[in-house]
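Asks: Sending over a structure as structure tokens; questions will come in a sec.
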Amino acid sequence: LLRMADWLQGPYFYEVYASKVFDGQPASLELVSRLFLAGFGSTALFGPYVGRLADARGRKLGTLCYAALYAGAAATTKSPVLWVLFAGRVLSGVGTSLLFSAPEAWLVGDAARTKQQDALGGVFGAAYAGDALVAILAGQLAAAAAAMRGPTGPFELSAGFLAAGALAAGPPPEGK
């Protein structure tokens, strides 16, 4: 569910930002590039700290924070205000750092805690093989959402998958 949310958004970042109008002018390629850079830059800048914070506060909590940050970032794509779009890209970058660290670390930690490490190879193999199928399905769903709701449609749909993923993860733990 969480990877589906990420795959849904990817193909439509350029289109959603290129569709914006600022001071009566459509967003330039340079501005869209800067929005992209804000997301990648925040991943590079905050990624190491976010990973350590997830280790210290709990990887399940980190996974839930990913869902919240990414949903917040998706919501900002509806805004016509430039600073809101930049804030959304920063949230998205931090969320991406969590997506590619917290869920897997949580799985490995739980497998160690329950002495089921032997199952990890099969779980990760299925996850990586299944990710390709998720990407294909996400492309189809994103295209349908964009056709129905415009370039922000995939981001709206993504928020639903993020909510479902957070619900499936369950409430944050009291401790690590």
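Asks: Can you tell me the 0 to 90 degree angle between the C-alpha axis of helix 102-113 and the longest principal axis of the chain, rounded to 10?
Replies: The angle comes out at about 10 degrees.
Asks: Of the accessible area of region 16-107, with the probe set at 1.4 angstrom, what percent is carbon plus sulfur?
Replies: In region 16-107, the share of accessible area belonging to carbon and sulfur is 69 percent.
Asks: Kindly express, to the nearest 10 degrees and within the range 0 to 90, the angle between helix 82-99's C-alpha long axis and the longest C-alpha principal axis of the chain.
Replies: 20 degrees
Asks: Take A164 and D118, extend 7 Å from each Cα along the Cα→Cβ direction, and tell me the distance between the two endpoints in nm.
Replies: It is 3.3 nm.
Asks: Using alpha-carbon pairs under 8 Å, 6+ residues apart, how would you state the relative contact order of the chain in percent?
Replies: Relative contact order for the chain comes out at 38 percent.
Asks: Can you tell me the FRET efficiency between R149 and A127 if r is taken as the Cβ-Cβ distance and R0 is 35 Å, rounded to the nearest 0.05?
Replies: That gives a FRET efficiency of 0.75.
Asks: For the chain, what is the accessible area per residue in Å², given a 1.4 Å probe and the full set of protein chains?
Replies: Accessible area per residue, the chain: 54 Å².
Asks: Rounded to two decimals, what is Rg over Rh for region 30-176 when you use alpha-carbon atoms and the Kirkwood radius?
Replies: Here the Rg-to-Rh quotient is 1.00.
Asks: For the chain, what is the number of Lys pairs with C-alpha distance below 30 angstrom, counting only pairs 8 or more positions apart or on separate chains?
Replies: Taking the Cα cut-off of 30 Å, the pair count is 5.
Asks: Separation of region 1-26 and region 88-147 by C-alpha centroid, Å?
Replies: 21 Å
Asks: What residues have an amide H closer than 5 Å to that of F22, excluding those fewer than 5 places away on the same chain, when H is modeled at 1.01 Å from N in the peptide plane?
Replies: A27
Asks: What angle, in degrees between 0 and 90 and rounded to the nearest 10, separates the Cα long axis of helix 59-76 from the longest principal axis of the Cα atoms of the chain?
Replies: Here the helix axis deviates by roughly 10 degrees.
Asks: Determine ³J(HN,Hα), in whole Hz, for all residues of region 50-55 in sequence, where each value follows from phi through the Karplus function 6.51 cos²θ - 1.76 cosθ + 1.60 and θ = phi - 60°; x replaces Gly and Pro.
Replies: Residue by residue, region 50-55 yields 5, x, 5, 5, 5, 5 Hz.
Asks: Another one. If R0 is 25 Å, what FRET efficiency do you get for A75 and S28 from their C-beta distance, rounded to 0.05?
Replies: Step by step, r from the Cβ atoms, then E = 0.55.
Asks: In addition: Sticking with the crude label model, points 7 Å out along Cα→Cβ, report the distance from F100 to E15 in nm, one decimal please.
Replies: Output for this residue pair reads 2.4 nm.
Asks: Just how far, in whole angstrom, is region 33-67 from region 71-85 if you go by their alpha carbon centroids?
Replies: Each part reduced to its Cα centre gives a spacing of 18 Å.
Asks: Using modelled backbone amide H atoms (1.01 Å from N, in-plane), which distant-in-sequence or interchain residues come within less than 5 Å of S101's amide H?
Replies: none
The values are calculated or read from the model by the stated rules, or taken from the named source; none is laboratory data. No experiment lies behind these values; they were computed from the predicted model shown. Virtual Cβ from ideal backbone geometry, glycine too; neighbours counted across all protein chains shown. The accessibility values were calculated without ligands, DNA or RNA, using every heavy atom of the protein model including side chains. Shrake-Rupley method; radii C 1.70, N 1.55, O 1.52, S 1.80 Å.
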